[in-house]
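Everything on this sheet refers to the single structure shown next.
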Amino acid sequence: GQNIDQPTEMTATEGAIVQINCTYQTSGFNGLFWYQQHAGEAPTFLSYNVLDGLEEKGRFSSFLSRSKGYSYLLLKELQMKDSASYLCAVRDNTNAGKSTFGDGTTLTVKP
Amino acid sequence: GAVVSQHPSWVICKSGTSVKIECRSLDFQATTMFWYRQFPKQSLMLMATSNEGSKATYEQGVEKDKFLINHASLTLSTLTVTSAHPEDSSFYICSAQDTEAFFGQGTRLTVV
């Protein structure tokens with residue numbers, strides 16, 4: 001099975017940088033995803049890590065350490081529209097791409 | 001990027017009726033699709049894995065006779081909520097896997 005932990009809520013200021021952490025325990029690891037979800041909408045893909053290290057994509061970066069079961073999502077130059085829930089999801093290698101989601105971190109960006 | 005289309009976006013139905021939700025992968029073939037349910041302020045909970053041409057695999061606690069899944073082609077999976085009750089009111093989301101998981105727009109079901 002899989003166990004995924006991420007903070008419930010975070011608050012940050014517009015223009016700042018925020019790091020959302022995710023720790024996981026899994027019986028078979030096949031990639032970690034970060035998704036953004038605005039209220040009432042489906043999740044949208046942000047990043048995918050399968051090897052250790054940092055993946056950068058514009059204002060968003062994601063880091064993975066498989067040995068530590070740890071990932072973080074880094075958001076730079078925060079904008080008000082970044083206020084959303086951020087979901088960490090781990091895909092296992094035992095069942096054709098099934099992903100388990102964390103409970104999500106609700107980020108509030110304040111002026 | 002790949003697109004997954006889910007229909008309808010929202011539906012209101014009477015208690016005891018059935019509702020069908022469609023999930024289509026528009027530009028890639030998906031042998032596997034996933035159905036999730038999300039209650040307010042909670043994360044996505046996997047309900048079942050839909051396999052093209054074979055029976056779906058349901059997660060523990062999900063009634064397969066209540067949530068009927070059909071994956072008749074490589075681009076279409078359907079979820080039918082049978083004999084819906086108010087407690088089935090939720091946000092249902094499908095996803096199809098390529099390199100990453102692509103999500104449909106979601107269906108908000110309200111049972112009255």
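The table below lists the values:
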{"item": "Paramagnetic reach from residue B:9 (point 7 Å along Cα→Cβ, amide N under 17 Å) across the range A:28-42", "result": "A:38-42"}
{"item": "Net charge, residue B:79 excluded, C-beta distance under 15 Å - Lys, Arg +1, Asp, Glu -1", "result": "+1"}
{"item": "Theoretical FRET efficiency, 1/(1+(r/R0)^6), r = Cβ-Cβ of residue A:9 and residue B:73, R0 30 Å, to 0.05", "result": "0.10"}
{"item": "Cleavage-rule hits, GluC sites (Glu not before Pro), the range A:45-77, DSSP coil, Cβ neighbours within 10 Å at most 12", "result": "A:77"}
{"item": "Share of pairwise Cα separations in the protein assembly as shown, more than 26 Å, in percent", "result": "37"}
{"item": "Per-residue average of Cβ from other chains inside 10 Å of A:43-54", "result": "2"}
{"item": "Extension gain from residue B:28 to residue B:112, taking 0.36 nm per residue of separation minus the Cα-Cα distance", "result": "26.6 nm"}
{"item": "Low-density loop cleavage sites - trypsin sites (Lys or Arg not before Pro) in the range B:1-66, where at most 11 other Cβ are within 10 Å (DSSP)", "result": "B:14, B:41"}
{"item": "The range A:1-45: radius of gyration over Cα atoms, expressed as a fraction of 2.2 N^0.38 Å", "result": "1.42"}
{"item": "Selection from B:106, B:85, B:19 lying farthest towards where the dipole of chain B points positive, charges on Cβ", "result": "B:85"}
{"item": "Sequence-separation-based contact order of chain B, relative, with Cα cut under 8 Å and 6+ spacing, percent", "result": "37"}
{"item": "Positive-pole candidate from A:64, A:78, A:4, dipole of chain A, charges at beta carbon", "result": "A:64"}
{"item": "Ascending count of other beta-carbon atoms within 10 Å, so fewest first, for B:68, A:78", "result": "B:68, A:78"}
{"item": "All-pairs alpha carbon distance profile, the range A:1-110, 10 Å steps from 0, percent", "result": "15, 50, 29, 6, 0"}
{"item": "Length-normalised contact order for chain A - Cα pairs under 8 Å, 6+ apart - percent", "result": "37"}
{"item": "Per DSSP, loop trypsin sites (Lys or Arg not before Pro) in the range A:8-68 with at most 10 further Cβ within 10 Å", "result": "A:68"}
{"item": "In Hz, Karplus ³J(HN,Hα) per residue of the range A:48-55 (6.51, -1.76, 1.60; θ = phi - 60°; x = Gly, Pro)", "result": "9, 10, 10, 10, 5, x, 10, 10"}
{"item": "Max mean-square fluctuation residue, GNM over chain B, Cα-Cα springs under 10 Å, options B:62, B:19, B:81", "result": "B:62"}
{"item": "Which listed pairs, of A:68/B:41; B:14/B:55; A:76/A:110; B:14/B:41, have C-alpha distances above 19 Å, in listed order", "result": "A:68/B:41; B:14/B:55; B:14/B:41"}
{"item": "The range A:58-87-the range B:84-112 distance, computed between alpha-carbon centres (Å)", "result": "25"}
{"item": "Stokes-Einstein D in µm²/s, Kirkwood radius over Cα pairs - chain B at 25 °C with 0.890 mPa s viscosity", "result": "178"}
{"item": "Within a Gaussian network of chain A (alpha carbon springs, distance under 10 Å), most fluctuating of A:58, A:15, A:31", "result": "A:58"}
{"item": "Once the Cα gyration tensor of the range A:62-103 is diagonalised, semi-axes √(5λ) in Å", "result": "25, 14, 7"}
{"item": "Ranked list, fewest to most other Cβ atoms within 10 Å of each Cβ, for B:47, A:10, A:80", "result": "A:80, A:10, B:47"}
{"item": "Dipole moment magnitude, nearest 20 debye, chain A about Cα centre, only Lys, Arg, Asp, Glu C-beta charged", "result": "140"}
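Here, each number is a calculation from the coordinates, and none is a lab measurement. A quick note: this is a predicted structure, and the numbers were derived from the prediction, not measured. When we count neighbours, we look across all protein chains shown, and the Cβ atoms used for this are built from the backbone with ideal geometry, even at glycine.
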